[in-house]
1. For Leu58, enumerate residues with amide H under 5 Å from its amide H, sequence gap 5+ or separate chain, H modeled in the peptide plane.
2. Across the stretch 340-354, in residue order, what do the Karplus-derived ³J(HN,Hα) couplings come to in whole Hz, using 6.51 cos²θ - 1.76 cosθ + 1.60 with θ = phi - 60° and x for Gly and Pro?
3. Quick one: what are the phi-derived ³J(HN,Hα) couplings along the stretch 159-173, Karplus 6.51/-1.76/1.60 with θ = phi - 60°, whole Hz, x for glycine and proline?
4. Note down the net charge around Ile376, summing +1 for each Lys or Arg and -1 for each Asp or Glu among other residues with Cβ under 12 Å from its Cβ.
5. Name the residues whose placed amide hydrogens come within less than 5 Å of the amide hydrogen of Asn84, ignoring near sequence neighbours (fewer than 5 apart) on the same chain.
6. Determine ³J(HN,Hα), in whole Hz, for all residues of the stretch 400-409 in sequence, where each value follows from phi through the Karplus function 6.51 cos²θ - 1.76 cosθ + 1.60 and θ = phi - 60°; x replaces Gly and Pro.
7. Under the Kirkwood approximation applied to all pairs of distinct alpha-carbon atoms, what is the hydrodynamic radius of the stretch 334-416 in Å?
Amino acid sequence: MVNKLIAIIIKELKDLFRDKTTLFTMIVIPLLFFPLIGLAFKTGAETTAQQTLNVAVLNLDSGYNKTKMGDSLIAFIKQFNNVNITVINNTNESITRLSRELYENKGINELLVIPRNFTETIYNPNATAKLELYSYVSAAGGLAIRSLDPILQAYISDIINWKIQQIAPNVNPKAIINPINISYISIVREEKIPSPPEIVHGLIASQSWTLPLSVFIIIVTSSQIVASAIASEKESKTLEILLSTPVSRMNILVGKIASSMIIAILSVISYVGGFTIYMNTILGLSSAQIPPEIANKVTQLVNSPQIIGGVAVLMFITLLTAISLSVSLSVYAEDVRSAQALVSYVTLLFGLPAFITMGVDIDQLPLIEKTVLYLIPFTHAFTGITKLIDGDYTPVIFGMIYMSVFSLITLYIASKSFTTEKLLTAKLTFKRRK
């Protein structure tokens, strides 16, 4: 009995591994997908930080009392590294045309316009000077572009300090500009992180679209492979030969599911490994803007053994649910094409909760919508990921139980089909009757 079951599993594994698409889509892609995304972000950020900032300055400042603050601003910009500045003193062209010509001819995507009364308004204690920064936006800008704005903000800060010293020489300008110091503390799972919430939330929220999208891809891929494997045997008539061997049909069913789960486990391992590399890359990139102790705390939070282990178990049960559903559907498929069509029709059960979870907190939806979504077993897979990060394990455990019960029901239906002649006679096609 056991030897026959092992033989069936080995036979199914050979069939699955013989298909190069299975290996590539379920094992290789998850291991490469996340590291490549992380590498793309890292390369884009590093390239942006190192590239030369090409700007043009249209200096129309006429000065005031033999002083030209426009020249002072240009000198301030030139002292920064990796800044290439082109000074224009006059032009007869419109600003929009000039901006486009500078971008197309010299690769300059920002034009700073200093007005004629710039110096005069700076010296006027009751006036506010104005600058205009034109940025030519191109679709080929990449992940990010450098901007002149941080340098202008630094210059404005210097002007503020200078004005305060002119009015009150004995006053500390910093105490006037920043009379109150706010300490930002983010709390995640009762863990204090001395950081503004935007940084911590940005790192954690990136998973709200990365994880559901990746789980969705793996579920759809595994479902298509399993359904096609059974349908292909029906189409090629090899299933009839297999059923005529001295092996029980239940063993054949268990063997097909077990072999598919082995592939699924390898896919989960590949996925978890690739995602760990991705998060380490993103957090390492973010550590350049935040103190190391903050980056370390976020790293420990996201890559904790509880979260990684919980995601692995959750994905395993999710794949088991998807595979059991695909096996039940593939029984009614006449050929591979109809099996793929059947699975594609139920893709809504995977995609709807996945994409909703990426943008909305399902628990905040009205009761009817929330109930409908939670009745879909795969919803618990996508919401469970965020629950694991928040440390709320009860809904995750309930979701695992619910998906397991759903898997048992679908497997029971599949087993009934396998133990009857319906396995060979059941046909469900999408061809129009003549």
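No lab work stands behind these numbers, since they all come straight from the coordinates. On a predicted model such as this, the values are computed, not experimentally measured, just so you know. When we count neighbours, we look across all protein chains shown, and the Cβ atoms used for this are built from the backbone with ideal geometry, even at glycine.
1. Ile88, Leu112, Val113, Ile114
2. After applying 6.51 cos²θ - 1.76 cosθ + 1.60, I find 5, 5, 4, 5, 5, 5, 8, 4, 4, 5, 8, x, 4, x, 4 Hz.
3. Result, rounded to whole Hz: 5, 4, 4, 5, 5, 5, 5, 5, 7, 9, x, 8, 9, 6, x.
4. That works out to 0.
5. Leu53, Asn54, Val55
6. Listing the rounded values in order: 4, 5, 4, 5, 5, 5, 4, 5, 4, 5 Hz.
7. 14.1 Å
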